[in-house]
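Notes follow the structure.
What follows is calculated from the coordinates using simple rules that are stated; it is not laboratory data. All values reported here derive from a predicted model rather than from experimental measurement. Here the Cβ is made from the backbone with ideal geometry for all residues, glycine too, and neighbour counts use every protein chain on show.
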Amino acid sequence: MARYFFHTRTLRVLQHDDEGLELPDVDAAQTAAVRLLRELTKRLEGDDQAVELYVESDTGEMLVTGSLSLRRVARGATARQQSDFPPVLLRGTA
């Protein structure tokens, strides 16, 4: 088993994980990262918030990154009106 470190950043705080978790492989680390990102999003407050997650191996290699940002838009706006609204890509679609 290898040790994986889960570093997080919000708009206000950078948290460096010095402990890490022992997990069987990078797939397990990615699954843990998704769970952590879900938990972190529950703590977001205010109109504009973001959280980033970086998974690093015990050798210092960056393996997985994830992020979520929330931004309040103008009242009455639609997704089509948001020029910076990114397209959604789903696994298995092109």
Legend entry - Convex hull volume per residue for region 2-72, taking Cα atoms only, in Å³: 76 Å³
Legend entry - Packing-based ranking, highest mean first, of 50-57, 8-15 given that Cβ atoms within 10 Å are counted: 50-57, 8-15
